[in-house]
Structure formats: C-alpha cells, structure tokens
1. In percent, how large is the relative contact order of the stretch 2-149, given Cα pairs closer than 8 Å and 6 or more residues apart?
2. Any chance you could check the Cα centroid distance between the stretch 84-98 and the stretch 225-248 for me, in angstrom?
3. Take the alpha carbon gyration tensor of the stretch 2-149, find the square roots of its eigenvalues, order them as a ≥ b ≥ c, and report rounded if a/c is under 1.5; if not, report prolate when a/b exceeds b/c, else oblate.
4. Using only alpha carbon pairs under 8 Å that are at least six residues apart, calculate the relative contact order of the stretch 170-294 and give it in whole percent.
C-alpha cells in the first residue's frame with residue numbers, strides 16, 4: 001500500500017487534475033484535445049504527472065510539519081489553519097506547473113483558464129486532505145481516548161490505594177486497643193490475640209485491586225469477630241449466619257468488614273449483633289444489625305469507615321451494588337448487595 005501511495009498514486013492524481021481541467025475547457029471552447037498534436041498532449045500529461053509527484057510530496061511534508069508542531073487534535077481552528085496552508089500551496093504550485101502550459105499552447109492564457117487552473121486542483125487537494133487527514137485525526141482521537149482511560153484508571157487506582165491506606169490505621173487502632181485492655185487481665189489470651197491479629201493484618205495488606213474468594217473473606221470475618229469478642233461485654237449476643245454456598249465467589253477484599261466493625265463499635269442497648277450473608281445466583285447479600293442505646297445513635301456511626309466503604313463500592317462495583325444504611329429507634333441496620341460479573345461467580 002505504501003508503495004502504491006508513493007509511486008503510483010501521485011501520477012494518477014496529476015493526470016486526474018489535468019484531464020478534469022482539459023475536459024472542462026473543451027466543453028467551454030468546443031475544442032477536442034484528442035485532435036491536438038499528441039506530442040503536445042504527451043508533454044502536458046508528463047508535466048501533470050510531475051506536478052502530481054510534487055504535490056503529494058509537498059502535502060506529505062506539510063502534514064508531517066503540522067504533526068510535529070503540536071499534538072494532532074480535531075478542532076475547527078486547526079482545520080481552518082491547515083486548509084489555508086493547502087490553499088496557498090495549491091495556488092503557488094498550480095501556477096508554476098499549469099499556468100505556463102495554458103499560456104504557451106492553444107489560444108494562450110484566458111481568464112477562464114486561470115479560474116480552472118486554480119479551482120479544479122484545489123477541489124482535488126481538499127478531497128485528498130479530507131481523506132488523508134481523517135485517518136490521522138481518527139488515530140489521534142483513539143490515542144487520546146486510550147490515554148484518557150489510562151489516566152482515569154490510574155487516578156482510580158491511586159484513590160483505591162489511598163482509601164486502603166486510610167482504612168488501615170482505623171483498623172490498627174481498634175485492634176491494638178483491644179489487645180491493650182486484655183494485657184492487664186490475661187497475658188496468655190493476649191498472646192493468642194496477637195497471633196490472630198497478625199493473621200488479620202496479613203490479610204489486610206493484600207492488594208485490594210485483586211479479588212479473593214468468599215471463603216477467604218468469611219474466614220477473615222470470623223477471625224475478626226473472635227478478636228472483638230475478647231473485649232466485648234459478657235452480655236453481648238452475637239448471631240452469625242453465613243450461607244454455606246458462599247465459597248468460591250470472587251469479590252474484592254475488606255468490603256464487608258466496615259459494617260461488622262461498625263456494629264461492634266456502636267453496639268449498646270440490649271447488646272445484640274446480627275451478621276447474615278447469603279448468595280442468590282450472582283448476587284451476594286450481606287446484612288448487619290446492632291442494637292443501640294435508646295437515646296439514639298451517635299453521629300459518628302456514619303463516619304470514616306462507612307464513607308470509605310461507599311467510595312470503594314463506587315469504584316469497584318459501579319452500577320452493580322446497593323448499600324442501605326438505616327437508623328432505627330433501637331438499632332442500626334446496614335444491608336449491602338453485590339452483583340458479581342460472570343467471571344467473578346463460581347458455583
């Protein structure tokens with residue numbers, strides 16, 4: 001294709017311009033160019049083919065210059081600027097090649113010769129420009145689209161990492177506080193808590209842009225609940241119901257933890273916590289409810305942990321999740337639904 005565009009297309013372009021001008025002039029003057037001397041026609045056609053090589057080369061140099069001078073981007077101002085260059089190059093080149101031929105042959109240079117020489121080639125030049133540059137603008141559009149998506153994706157990944165870094169200190173503070181109170185009463189138990197805490201922390205450090213199985217996530221939640229029970233009041237009642245079918249489904253880690261942690265943090269009243277998880281097809285439902293003091297729920301109950309969760313859900317499951325948080329008279333209720341993609345779901 002490159003060989004054709006470089007060696008075959010230019011003379012065809014030049015001859016197309018020549019024959020269009022010649023046929024138009026003959027239709028006006030009544031002349032028939034094939035009745036002219038074939039040597040004269042051969043000279044004019046050869047000159048036209050040379051003009052075709054020169055014009056295509058000139059256009060190529062112009063396009064390369066324009067691309068180097070700035071980023072290729074579609075705009076009306078850029079198009080107008082490039083068309084002005086096309087007009088100027090075409091005007092100068094056609095009057096170098098075509099005007100002398102018209103002046104030295106037939107009845108000399110007439111006003112209509114000058115108009116045809118500067119109009120017909122310009123129309124072909126604009127058509128060539130439109131076809132050639134459209135592919136360049138299309139490539140530029142695709143490249144810019146890919147770059148924009150990459151920048152957007154990098155921004156989202158950076159935000160996810162920030163949310164992860166923001167959440168870790170929150171988790172560490174609560175866990176270390178639990179072990180601190182245990183140290184005064186049960187050193188052996190505190191050691192076991194440290195071991196369990198290390199397992200939790202190892203899981204916390206997992207890359208949150210990679211998915212894990214629900215089996216791993218549930219095991220983590222169980223360990224977290226066991227750790228929280230250590231410092232919980234003896235009157236705390238915990239009801240945990242986890243669907244046995246939750247096994248190989250792939251989810252992003254640490255999405256369920258904030259709801260459970262929030263329940264332990266603000267439980268009060270009759271000290272009751274309920275944690276339920278179930279699967280239905282490619283949807284996972286996770287429900288957490290905790291009792292609170294009759295006087296009401298602290299304003300902080302909807303603080304950094306839940307706000308962090310909402311943003312992560314928007315980034316990781318856009319349009320494929322719901323999160324309902326409801327403050328009742330004597331309880332705090334949270335329900336999350338995740339719609340898994342096909343490749344995230346395993347029976």
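Quick note: the coordinates plus some simple rules give every number you see, no bench work behind them. Since we're looking at a predicted model, the values are computed, not measured.
1. Working: 84 pairs, mean separation 42.5, N = 148.
Averaging sequence separation for qualifying contacts and normalising by length gives 29 percent for the stretch 2-149.
2. Answer, in whole Å: 83.
3. Judged from the Cα gyration tensor, the stretch 2-149 comes out prolate (a/c at least 1.5, a/b above b/c).
4. 23
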